[in-house]
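The values are calculated or read from the model by the stated rules, or taken from the named source; none is laboratory data. Computed from a prediction, not measured in an experiment: that's the story for all the values here. In this analysis, Cβ positions are derived from the backbone assuming ideal geometry, glycine residues included, and neighbour counts consider all displayed protein chains. Surface areas here come from the heavy atoms of the whole protein model, side chains and all, with no ligands, DNA or RNA. Shrake-Rupley method; radii C 1.70, N 1.55, O 1.52, S 1.80 Å.
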Amino acid sequence: MNGVRRPSVARTTGLVLAVVALLVFALFPVYWMVSTALDPKALTRGSDMLPSGVSMEHFRVVLDRGNFGTYLLNSALVGIGTIVASALLALFAAIAVARFKFRFRTSVLIMVLIVQMVPLEALVIPLFIQMRDYDLLNSLLGLTIVYIALSLPFAIWTLRGFVQTVPKEVEEAAYIDGASWPRMFWSVLLPLVAPGLVATSIFAFITAWNEFVFAYTFMKSSDKYTAAVGIFQFFGEHTTDWGPVMASSTLITLPVMIFFVIVHRKLGSGLAAGAVKG
């Protein structure tokens with residue numbers, strides 16, 4: 001029709017098959033995890049694609065005998081604390097390096113990049129000694145402080161880009177209208193950088209929720225373990241109880257999925273609002 005070329009059937013079929021293959025590749029581990037968690041004979045399942053039945057026994061074992069509810073609560077407390085503190089600190093730091101000129105500003109940004117390149121394993125011993133000196137070992141507060149420190153470099157660098165995209169004329173217009181700096185920050189700047197806050201919150205939450213090495217090293221009491229450490233109890237020296245392992249993995253995955261579903265919608269709406277206001 002008037003020179004408009006329609007995609008061939010072979011090309012369309014190839015694209016559909018490629019999408020289906022990618023979906024299977026991405027979703028099969030999730031299916032295997034959930035189906036094994038529900039399989040009453042998970043230990044002897046082998047390579048069978050379908051579970052032998054459906055049972056919630058493994059979830060009961062994890063929550064009752066495995067004390068996994070406490071571990072999930074600890075992870076939630078640490079994750080929420082990390083999100084709130086890292087977002088506030090990173091936002092004010094990003095405003096400072098993006099809006100104000102001061103000595104060593106470039107050096108600060110370079111240090112932020114250098115910290116991001118340091119392997120986490122290299123920080124375990126120095127942070128362990130520091131937390132020990134401040135009597136913060138075996139403490140959820142100490143673990144939260146560590147996760148905040150790990151999240152800040154990425155958060156500062158990301159939010160700096162969002163702050164720089166906000167025209168200074170918008171802030172100046174607010175001042176001309178009689179707004180104070182707190183009023184300008186709350187009504188003008190914060191809504192425009194909200195998508196950046198959402199992005200950094202996702203990163204901070206995933207960092208705090210999934211991290212294992214620091215939580216395992218810093219926590220001495222089992223009642224202070226996070227969910228990532230709590231799952232380790234189901235791995236034996238010679239065998240692994242795969243039913244509880246997959247059940248606890250499912251419980252760990254669900255909050256992350258729910259958090260992302262809620263936040264990614266706000267991320268999209270925030271980007272649209274920022275585009276309109278900018």
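Quick rundown of the values:
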{"read-out": "Residue match in segment 9-31 (condition: under 20 Å from Ile231 (Cα atoms) and open to solvent by 100 Å² or more (accessible area, probe 1.4 Å))", "value": "no"}
{"read-out": "Ala42 being within 30 Å of Leu152 (Cβ to Cβ) and surrounded by 14 or more Cβ atoms within 10 Å (Cβ to Cβ)", "value": "no"}
{"read-out": "Residue that is farthest from Thr70 (Cα to Cα), among those in segment 217-233 that are open to solvent by 50 Å² or more (accessible area, probe 1.4 Å) and part of a helix (DSSP H, G or I)", "value": "Thr217"}
{"read-out": "Residue check for Leu43: free of Cβ contacts under 8 Å to residues at least 24 places away in the same chain, more than 30 Å from Gln164 (Cα to Cα) and hydrophobic (A, V, I, L, M, F, W, C)", "value": "no"}
{"read-out": "One residue from Ile148, Ile156 being modelled with pLDDT of 85 or more and farther than 25 Å from Phe218 by Cα", "value": "Ile156"}
{"read-out": "Test: residue in segment 66-73 that is of a type outside the set (Gly, Ala, Ser) and exposed (fewer than 11 other Cβ atoms within 10 Å of the Cβ)", "value": "no"}
{"read-out": "Output for segment 1-54, where each listed residue is at pLDDT below 80 and in contact with a helix residue (DSSP H, G or I) (Cβ under 7 Å, 6 or more places away or on another chain)", "value": "Ala42, Leu43, Arg45"}
{"read-out": "Residue satisfying condition, being touching a helix residue (DSSP H, G or I) at 6+ places or on another chain (Cβ under 7 Å) and hydroxyl-bearing (Ser, Thr, Tyr), within set Ser139, Ser151", "value": "Ser151"}
{"read-out": "Failed condition for Phe154, given (1) more than 24 Å from Ile114 (Cβ to Cβ); (2) open to solvent by 40 Å² or more (accessible area, probe 1.4 Å); (3) in contact with a Ser or Thr (Cβ under 9 Å, 6 or more places away or on another chain)", "value": "(1)"}
{"read-out": "Single residue of segment 75-98 satisfying the filter (open to solvent by 50 Å² or more (accessible area, probe 1.4 Å) and under 16 Å from Gly196 (Cβ atoms)) that is farthest from the chain's Cα centre (by Cα)", "value": "Phe92"}
{"read-out": "Residue count, segment 99-137 (criterion: in a loop (DSSP other than H, G, I, E, B), open to solvent by 80 Å² or more (accessible area, probe 1.4 Å) and over 30 Å from Pro167 (Cβ atoms))", "value": "2"}
{"read-out": "Residue under evaluation Val54, criteria (1) loosely packed, with under 13 Cβ neighbours inside 10 Å; (2) assigned to a helix (DSSP H, G or I), criterion not met", "value": "(2)"}
